[in-house]
Amino acid sequence: MKARTIDLVAPSGYPHDPAAVERGLRRLRNEGHRLESVETTRRRFQRFGGTDAERAADLNRLADLSRALPDIVLVVRGGYGASRILHGLDYHGLQARLRDQPIAIVGHSDFTAIQCALFAQAGIKSFGGPMFAGNFGAEELSKFTMQHFWQAITHSTLTVTSQAPQRECVEASGMLWGGNLAILTSLVGTPYLPPVEGGILFIEDVNEHPFRIERMLYQLHQAGVLGRQRAIVMGEFSGGRLADYDNGYSLDTMIEQIRNVTGIPIVTGLQFGHVDDLLTLPFGASAHLNATERGFTLQMTDYPHLA
């Protein structure tokens, strides 16, 4: 594996496990990578990884022409806080410096807000993928996650396959975008949600009951967002718990309800979300989706990647 320069940014929360930070630093350094801005892993302000100004500066420094660009910008962790700094990002400077450059900006969860804003305001593509503390610093490193991470960010094309059976056959092409459902919903009505037409929307979330997932999807539907997409790809919705009160209402029945109400094809079984083994997906890539009763294939091109 070629050694890379990795810049650590903390746009949301701070890592609550110092041992995970040390494991992540040790692993990446042992592989020969150069780590920049390590201080972001130790910075704290209330429940955040620094003040709003400090966290915005983590990203704005990428627009500084006096600094060499890193190969990878890796988010320390998610949580909450990205929404507080969207108005403070230097979109003009970031666009001039980063758009169409071979740089991998990687994170998920709360980082979805930054990814959406960067694309909506500056046309900058990024990656939904592992984060420093939770993934690179995990007690047991996921070989699946690491393999797919390095494959995605170093190749000009990416193909994801799944053997998850599908309820309907789907063939669609469009821009791949999405991320955490709660964050996407929170951006409705703001200038930070990309007005994607004819897209393939991938979504995930954690600790959300199916009725809360349905409510968020209804908001996207009623706001006109879903109606502009060619397909929805459901990632992992981990941690949600049903109760006796649900009386047969489950994630599967909720998906069928949304499918019937919107008329939009929905594909399930994407291995992306708050799980140990997760894919890395290029936000903003050109994608082709082909789903049958035997599973699905998602092919992606036209996204920044490392030489």
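Observations, loosely collected:
Rundown of residues vs (1) within 13 Å of Ile183 (Cβ to Cβ); (2) crowded, with 24+ Cβ neighbours inside 10 Å; (3) aliphatic (A, V, I, L, M), yes/no style:
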site: Asp64; (1), (2), (3): no, no, no
site: Arg67; (1), (2), (3): no, no, no
site: Pro70; (1), (2), (3): no, no, no
site: Ala82; (1), (2), (3): yes, yes, yes
site: Pro102; (1), (2), (3): no, no, no
site: His108; (1), (2), (3): yes, yes, no
site: Leu118; (1), (2), (3): no, yes, yes
site: Phe127; (1), (2), (3): no, yes, no
site: Ala133; (1), (2), (3): no, yes, yes
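- Among residues of the range 151-197, those that are touching a His at 6+ places or on another chain (Cβ under 8 Å) and at positive phi, counted: 1
- Of the criteria (1) in contact (Cβ under 8 Å) with a residue 60 or more places away in the chain; (2) of a type in the set (S, T, N, Q); (3) buried (at least 18 other Cβ atoms within 10 Å of the Cβ), which one Ser37 fails: (1)
- Qualifying residue in the range 238-245 (condition: on the phi < 0 side of the Ramachandran plot, crowded, with 19+ Cβ neighbours inside 10 Å and modelled with pLDDT of 95 or more): no
- Checked against the criterion of being acidic (Asp, Glu), under 19 Å from Tyr192 (Cα atoms) and in contact (Cβ under 8 Å) with a residue 40 or more places away in the chain, the candidates Asp90, Asp100, Asp7, Asp110 yield just one match: Asp110.
- Of the helices (runs of 4 or more DSSP H) lying entirely inside the range 140-257, those containing at least 1 residues that are among the aromatic types (Phe, Trp, Tyr) and either free of Cβ contacts under 8 Å to residues at least 24 places away in the same chain or outside the structural domain of Ser126 (by TED's automatic domain parsing) (or both) span 143-154, 210-222.
- Where strands (runs of 3 or more DSSP E) fall wholly inside the range 262-307, the ranges with 1 or more residues that are under 18 Å from the mean Cα position of the chain (by Cα) and under 20 Å from Ala182 (Cα atoms) are 266-268, 281-283.
- Looking only at the range 252-261, residues that are in contact with a Ser or Thr (Cβ under 9 Å, 6 or more places away or on another chain) and surrounded by 13 or more Cβ atoms within 10 Å (Cβ to Cβ) come to 1 in all.
The values are calculated or read from the model by the stated rules, or taken from the named source; none is laboratory data. Everything quoted here is computed from the prediction, not taken from an experiment. Because the Cβ atoms are built from the backbone with ideal geometry, glycine has one as well, and the counts that use them run over all protein chains shown.
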